[in-house]
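Trainee: Input: one structure, supplied below.
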Amino acid sequence: MISIFEDFKARVLGAVEALQLEGTLPRMLDASRVTLELPRDPKHGDFSTNAAMVLAKPAGQKPRDVAANLVAELEKDPEIAAIEIAGPGFINMTLDPSAWRSHLAAIRKAGEKFAGADIGKGEKLNVEYVSANPTGPLHVGHCRGAVVGDALAAILAYTGHRVTRESYINDAGAQVDVLARSAYLRYCEALGLDIGPIPEGLYPGDYLKSVGETLAKKHGKALLTDDEADEAEWLPTVRNAAIQGMMSLIQDDLQVLGIDFEVWFSERSMVTADMDRVQAAIDRLKELDLVYFGRLEPPKGQPIEDWEDREQLLFRSSQFGDDTDRPLLKSDGSYTYFAADIAYHHDKFLRGFNAMIDVWGADHGGYVKRMKSAVEAVSEGKATLDVELCQIVRLFRDGQPVRMSKRAGDFVTLRDVVDEVGSDPVRFMMLYRKSDAPLDFDFAKVTEQSKDNPVFYVQYAHARCHSVFRQSAEAFGEKVDTSDVDLSQLEDPSEIELIKSVASFAQVVRAAATHREPHRIAFYLYDLASLFHALWNRGKDAPQLRFINVGNAELTKARLALIEAVAMTLSTGLRLLGVRAPTAM
């Protein structure tokens, strides 16, 4: 990673070491809490460090005294133009423009991986998202989780993690039997029978018609029965066909967003004739003395959905910070959803994943504590689970709510949204807000060609960069070679500000990976695009700032080199978000 933040943090730590060597500071000091940050007010310089504040007490000195000594040492650095002590002992630094130009040269030399970092150090990391019941097409709520998970996986891979993208198929339980009965009606319909209105409790969407037609074509009338009690004869066959049809539908829908997975994990695969991985996970918890038979106290306040007033098999979830212990078996002896989820995450651990991230809808927020406790327990503290929650998406058209889908019948599908506005606006706008905050998505606004439409504004900046390259080739009769460029030609403050923005990308990527917040990159790209567009517009009124100056080839080369770095940064950021970087619009 080429990071000017890390570079100057190292210089601050070097100044600390120099003071230790000369005896001004004691040798044994913990400098792990020393940070380098952007000041909230740009008037306070380029960087601010808390070094004097965190070192003063262990050094037995006053913070401003430590700061004064650090300032005296850092003033020797020729790339620091100004340095001052602020408040109780913070140190603010302003860099010389030459430092930014040198950093731009390093970025250009490093290429597209300049903002990548080895944060992960090759650690295996499982990112699970779009884990839904295969009972119909994905709705717009799934869409947000899909995009957040996919972008997060890309960012983590870019920062040195060995990422596996995984989706969990909830293809066991009562809901898939309901799906099968719904598909059976469509099978009867495909054979020409009058099925009447879809009964309450079954899935009414037209998306099951294709499953019914496939069954009719393959089996003819062989699956028809005269008595509903005979459903056992056809249920397994129809259920398998329905799940297969729905998974094909889901995978096709995800493809339009550019999303695929290395692993599609079936819940049904955990309990087979040869193996019962759920029981194996429970047995493991028994070995660890984390399972017992007991009764749960009646819930206080909000009801607990899995509470039953009976003696039952319980996991000691409260031992790991959960609100209460959790049941593993239902009253009929079948496994609870929680037991299956423990087994699934135990399987991840056995596959070598000590770090796991799940992306869930916000309605699953109450499930987080118990699942994190289960992972800690079943791995004996060797694995961690992070859960990223995605809040609801509210759809609007010209300010009016959009509620229904022709295909699904009672919700708006992911495919409906992508088909109308395209994959790029959907992906970018799903990331242009923190995932734990509700998102308003207006079909009209995301297709506007204006500054108010962030995805257009960012993509247009990238296209504009490439239009400058084409114009320079026309002006000079050939593509301008910027391999040997004098960046000292970049002197205007607006050019230096643009370099600063490009230079900050590495730190933005690091923060997005560390905090699991891909929206940081979307926000950053909009800000970078704004600076570039502003410089472009200034050139209209101030000819000396235009990117192409036929009378000054060296200045043109320097500005083209800067624009190349801007274009590279925009394309890298967009790629991490799964959005195209067009070269013309």
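Trainee: At a probe radius of 1.4 Å, what is the per-residue accessible area of Trp264, in Å² to the nearest 10?
Mentor: In the full protein context, Trp264 sits at about 70 Å².
Trainee: How large is the Rg to Rh ratio of the chain when both quantities use alpha carbon positions and Rh follows Kirkwood? Mind dumping the intermediate values first?
Mentor: Values: Rg = 29.4 Å, Rh = 27.9 Å.
Taking Rg over the Kirkwood Rh, I get 1.06.
Trainee: Just to be sure I understand the curve: with the Debye formula and one point per C-alpha of the range 237-296, what is log10 I(q)/I(0) at q = 0.27 Å⁻¹?
Mentor: With one equal scatterer per Cα and no solvent, log10 I(q)/I(0) is -1.13.
Trainee: Positive end of the charge dipole of the chain (Lys, Arg +1 and Asp, Glu -1 on Cβ, about the Cα centre): tell me which of Tyr367, Gly294, Gly45 has its Cα farthest that way.
Mentor: In the chain, that residue is Gly45.
Trainee: Right, next: When the helix-only estimate is applied to the chain (DSSP H runs of n ≥ 4, each -39,500 (n - 2.57), divided by the residue count), what is the mean residue ellipticity at 222 nm, nearest 500 deg cm²/dmol?
Mentor: -15000 deg cm²/dmol
Trainee: Charges at C-beta only: +1 for Lys and Arg, -1 for Asp and Glu. How large is the resulting dipole of the chain about its Cα centre, in Debye rounded to 20? Write down the numbers at each step before the final one.
Mentor: Details: 67 positive and 87 negative charges, 256 e Å.
Dipole of the chain, to the nearest 20 debye: 1240 debye.
Trainee: Still on this model: Run the numbers on the chain and let me know its relative contact order in percent, using alpha-carbon pairs under 8 Å that are six or more apart.
Mentor: 15
Trainee: Please work out how much length the chain gains when fully extended from Ala10 to Thr384, using 0.36 nm per residue of separation minus the C-alpha to C-alpha distance, in nm with one decimal.
Mentor: 131.6 nm
Trainee: Thinking of the range 180-277 as a set of Cα atoms, what percent of all their pairs are more than 17 Å apart?
Mentor: 58
Trainee: Contour minus end-to-end for Asp41 and Ile119, with contour as 0.36 nm per residue of separation and end-to-end as the Cα-Cα distance?
Mentor: Result: 25.2 nm gained on full extension.
Trainee: Using a simple charge model, +1 on the beta-carbon of Lys and Arg, -1 on the beta-carbon of Asp and Glu, nothing else, what dipole does the range 121-227 show about its Cα centre, in debye to the nearest 20?
Mentor: 540
Trainee: For the range 73-168, what does the relative contact order come out to in percent, with C-alpha contacts under 8 Å and a separation of six or more?
Mentor: Relative contact order, the range 73-168: 28 percent.
Trainee: Oh, and also: Give me P(r) over the range 88-216, computed from all C-alpha to C-alpha distances, binned every 10 Å, as integer percentages.
Mentor: 10, 22, 19, 17, 13, 8, 7, 3, 0
Trainee: Test of understanding: what is the full-extension gain from Asn552 to Phe396, defined as 0.36 nm times their sequence separation minus their Cα-Cα distance?
Mentor: My answer for the length gained is 51.1 nm.
Trainee: Could you tell me which of Val485, Ile4, Phe443 has its Cα farthest along the dipole of the chain towards the positive end, charges placed at Cβ (Lys, Arg +1; Asp, Glu -1), taken about the Cα centre?
Mentor: The residue sitting farthest along the positive end of the dipole is Val485.
Trainee: Related question: Using only C-alpha positions, report the orientation-averaged shadow area of the convex hull of the range 391-505, nm², one decimal.
Mentor: Hull-based average projected area comes out at 10.8 nm².
Trainee: If you average over every viewing direction, what projected area does the convex hull of the Cα atoms of the range 71-143 give, in nm²?
Mentor: 11.0
Trainee: Could you run the Debye sum over the Cα atoms of the range 165-237, one equal point scatterer each and no solvent, and tell me log10 of I(q)/I(0) at q = 0.16, 0.24, 0.25 Å⁻¹, two decimals?
Mentor: Log-scaled intensity ratios, in q order: -0.58, -1.21, -1.29.
Trainee: Which of Ala81, Leu29, Ile499 sits closest to the plus end of the dipole of the chain, meaning its Cα is farthest towards the positive end, when Lys and Arg get +1 and Asp and Glu get -1 on the C-beta?
Mentor: Ala81
Trainee: Sort the range 304-397 into rounded, prolate or oblate with this rule: let a ≥ b ≥ c be the square roots of the eigenvalues of the Cα gyration tensor; rounded if a/c is under 1.5, and if a/c is not under 1.5, prolate when a/b is larger than b/c, oblate otherwise. Working shown, then result.
Mentor: Values: a/c = 1.96, a/b = 1.19, b/c = 1.65.
It is oblate, given that a/c is not under 1.5 and a/b is not larger than b/c.
Trainee: Nearest 10 degrees is fine. How inclined is helix 140-158 to the longest principal axis of the chain, computing both from alpha carbons?
Mentor: Tilt relative to the chain: about 50 degrees.
Trainee: Moving on to the next point. For the range 402-522, what is the charge dipole size about the Cα centre, in debye to the nearest 20, if Lys and Arg each add +1 at the Cβ and Asp and Glu each add -1 at the Cβ?
Mentor: 740
Trainee: Mind grabbing the base-10 log of I(q)/I(0) for the range 209-334 at q = 0.12 Å⁻¹? Debye formula, identical points on the C-alpha positions, no solvent, two decimal places.
Mentor: -0.81
Trainee: Using amide H atoms built 1.01 Å from N in the peptide plane, name the residues 5+ places from Gly361, or on other chains, whose amide H lies under 5 Å from its own.
Mentor: Cys390
Trainee: Related question: Quick one: angle between helix 337-350 and the longest Cα principal axis of the chain, in degrees between 0 and 90, rounded to 10, please.
Mentor: Relative to the chain, helix 337-350 is tipped by roughly 50 degrees.
Trainee: Share of the range 198-351's accessible area from carbon and sulfur, percent, 1.4 Å?
Mentor: 47
The values are calculated or read from the model by the stated rules, or taken from the named source; none is laboratory data. Keep in mind that this is a model prediction, so the values were computed, not measured. Here the Cβ is made from the backbone with ideal geometry for all residues, glycine too, and neighbour counts use every protein chain on show. Surface accessibility is based on the protein's heavy atoms, side chains included, excluding ligands, DNA and RNA. Shrake-Rupley method; radii C 1.70, N 1.55, O 1.52, S 1.80 Å.
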